[in-house]
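Here the structure comes first, spelled out in structure tokens, and everything after it is commentary.
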Amino acid sequence: MIDLLLKGGKIYLDGELRDLCLGIDGGVIAAIGMEPVMPDADDVIDLSGRIVIPGAVDPHVHIFSPGWIRETFETGTAAAAVGGVTTVADMASVGEWHTATMEVFKRKLETASKEAMVDFALYCGEIHREEDLREIPQILKAGAVGLGEVMMCEPDPIPDSLTLLKAMRLVAEENAVISVHAEDKEIISRAISEAKSAGKNRMEDFSLSRPAVAEAKAILDAAVLASEAGSRLHVCHVSTEAGVRALSLAKEIHGLTTAEVTPHHLVLTLDDYERLGPLIIVTPPVRTKRDVASLWEALSSGLIDAVATDHCAFKEAEKSIDSPWDVPAGLPGLETAVILLWSEGVVKGRISLRRFVEATSEMPAKILGIDYRKGGISMRKDADLTVIDPSYRGRIGRGDMRSVADYTPFDGLEVSGRVVMTVVRGRVVARDGSLEVKPGYGKFVPRGRGKSLGPGD
């Protein structure tokens, strides 16, 4: 007897959809096969007409950083649950919760363990000065997935290349990953200063003040340093055609380089400022249609390895500021990412089903070092599943939001398909947009070979 049998759906297995059943017991995949040979189950869910894929793993979110954002682990992971995201990796907090000491890391882990509704991993950092590196090896040993998001530009960038190199060497010793926000601080600072001095105050001037060359240069700089350090390097939110070209060279320079793209950089362009104004201020900023086409091509080919939301939610009132230089940068994305990539990518033929699963689940889990449990449908892995109704036709709306954001930049966008169920460790955490677990169900997922650290340790 097993806990749960999922039958009738099309299961993603080995690169294709198959008419199979999944048996779940003790929170893991316990059986895969045709219904007649499946064991009896305490509970059975009929998923006829639905598609079952590995639960999405978001390798880059900003959920918990009091004083900067109002999001909590409860609201952020609620957004993940309804959106089909089964594991989130929260970037280091700043300010009072600057996650560069064991004391803060333990407090953050304790908070997340009480509030999370889906499983979570944690980064450590940020690095504002060399002294911030002192306890990073200890935190990585405690199971943090990596060091990040390391800012190579404002605000509060890592001070210099030598400090970044030292950080990379520490990360390499622990076989973790260092995730960088790749925009060159000198180019960005000068460009912003010149734009302000010239009195430029249109929302699109925000994008123009962060030129593509700043991204390309920073990607190559990081790859050269990571190659010297021997560390795994992850490039966050590539946003430009120039960045894509630089990424290709970076992977030649340093074979341990991976990269991500966000749904907002795949869908939004400069033209959307006219409609959405400050609501789409984000760093790196939205770009041109040509950049968007280049990003889709890179994602399809696998040059860009993964999709991440860079979820950073604000309320519409917080974003509604006249000057682009004063608008808090960040967009909500956990509720919408999976279905956007499905609808805009798979359904429209921009990416294959295999690349969809690789980019949303398999590769993020590998990048984070949690693929020993997450990132696929196979025996004994966590039963983390995202269920999609491919027949649905509708529009994304504000009512889909569960994070602190009361808006979505994709409001009104037509989509084909919707997430109808999210399963984490064998339990339905969300169904048809409604939550079915309470805060505290989500569990910490330490990096492989890292020591598991419990809230009471």
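The values are calculated or read from the model by the stated rules, or taken from the named source; none is laboratory data. Keep in mind that what you see is a predicted model, and the values were worked out from it rather than measured. With ideal geometry, Cβ positions are generated from the backbone for all residues, glycine too; neighbour counts draw on all protein chains shown.
Considering region 352-375, the residues that are buried (at least 24 other Cβ atoms within 10 Å of the Cβ) and polar (S, T, N, Q) include one that is nearest to the chain's Cα centre (by Cα), namely Thr360.
Quick grid of which residues meet (1) closer than 24 Å to Leu334 by Cβ; (2) under 25 Å from the mean Cα position of the chain (by Cα); (3) in contact (Cβ under 8 Å) with a residue 60 or more places away in the chain:
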residue	(1), (2), (3)
Met102	no, yes, no
Thr111	yes, yes, no
Arg202	no, no, yes
Phe206	yes, yes, yes
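Among the conditions (1) in contact with a Lys or Arg (Cβ under 9 Å, 6 or more places away or on another chain); (2) in a helix (DSSP H, G or I); (3) not charged (D, E, K, R), Val357 misses just one, which is (1). For Val61, indicate whether it is at negative phi and in contact with a His (Cβ under 6 Å, 6 or more places away or on another chain). Spelling it out, Val61 is indeed at negative phi and in contact with a His (Cβ under 6 Å, 6 or more places away or on another chain). Comparison of Pro455, Pro446 shows that the only residue that is touching a Ser or Thr at 6+ places or on another chain (Cβ under 7 Å), modelled with pLDDT under 95 and under 30 Å from Ala176 (Cβ atoms) is Pro455. Scanning region 1-30 for residues that are in contact (Cβ under 8 Å) with a residue 40 or more places away in the chain and of a type outside the set (A, V, I, L, M) yields Asp3, Lys7, Gly8, Gly9, Lys10, Tyr12, Gly15, Glu16, Asp25, Gly26, Gly27.
Going by the structure shown, is Glu135 buried (at least 20 other Cβ atoms within 10 Å of the Cβ) and without any contact (Cβ under 8 Å) to a residue 40 or more places away in the chain?
Working: buried (at least 20 other Cβ atoms within 10 Å of the Cβ): no; without any contact (Cβ under 8 Å) to a residue 40 or more places away in the chain: yes.
Criteria not met by Glu135.
Against the criterion of being farther than 30 Å from Gly33 by Cβ, modelled with pLDDT under 95 and small (Gly, Ala, Ser), Gly349 does not qualify. The test for being on the phi > 0 side of the Ramachandran plot and crowded, with 19+ Cβ neighbours inside 10 Å holds for Gly125.
Selection within region 32-74: residues that are of a type in the set (A, V, I, L, M) and assigned to a loop (DSSP other than H, G, I, E, B). The member of this set that is nearest to Pro446 (Cα to Cα) is Ile63. Tallying residues that are assigned to a helix (DSSP H, G or I) and crowded, with 18+ Cβ neighbours inside 10 Å within region 154-165 yields 2. Candidates Val94, Val104: the one that is at pLDDT 95 or above, of a type in the set (A, V, I, L, M), in contact with a helix residue (DSSP H, G or I) (Cβ under 9 Å, 6 or more places away or on another chain) and assigned by TED's automatic domain parsing to the domain that holds Val171 is Val104. Residues in region 409-429: is at least one crowded, with 19+ Cβ neighbours inside 10 Å, touching a strand residue (DSSP E or B) at 6+ places or on another chain (Cβ under 8 Å), at pLDDT below 95 and of a type outside the set (D, E, K, R)? No, that holds for no residue. The helices (runs of 4 or more DSSP H) falling completely within region 215-307 include none with 3 or more residues that are of a type in the set (Val, Ile, Thr), farther than 18 Å from Glu183 by Cα and out of contact with any helix residue (DSSP H, G or I) (no Cβ under 7 Å at 6 or more places or on another chain). There is at least one residue in region 230-238 that is modelled with pLDDT of 95 or more, more than 26 Å from Val357 (Cβ to Cβ) and of a type outside the set (A, V, I, L, M).
Hey, any hits in region 179-190 for a residue that's part of a helix (DSSP H, G or I), out of contact with any helix residue (DSSP H, G or I) (no Cβ under 9 Å at 6 or more places or on another chain), surrounded by fewer than 19 Cβ atoms within 10 Å (Cβ to Cβ) and not charged (D, E, K, R)? Yes; the residues of region 179-190 include at least one that is part of a helix (DSSP H, G or I), out of contact with any helix residue (DSSP H, G or I) (no Cβ under 9 Å at 6 or more places or on another chain), surrounded by fewer than 19 Cβ atoms within 10 Å (Cβ to Cβ) and not charged (D, E, K, R).
Scanning region 75-133 for residues that are over 20 Å from Met151 (Cα atoms) and assigned to a loop (DSSP other than H, G, I, E, B) yields a total of 4. Of the residues examined, Glu186 is not one that is acidic (Asp, Glu), over 19 Å from the mean Cα position of the chain (by Cα), within 30 Å of Gly448 (Cα to Cα) and assigned by TED's automatic domain parsing to the domain that holds Leu122.
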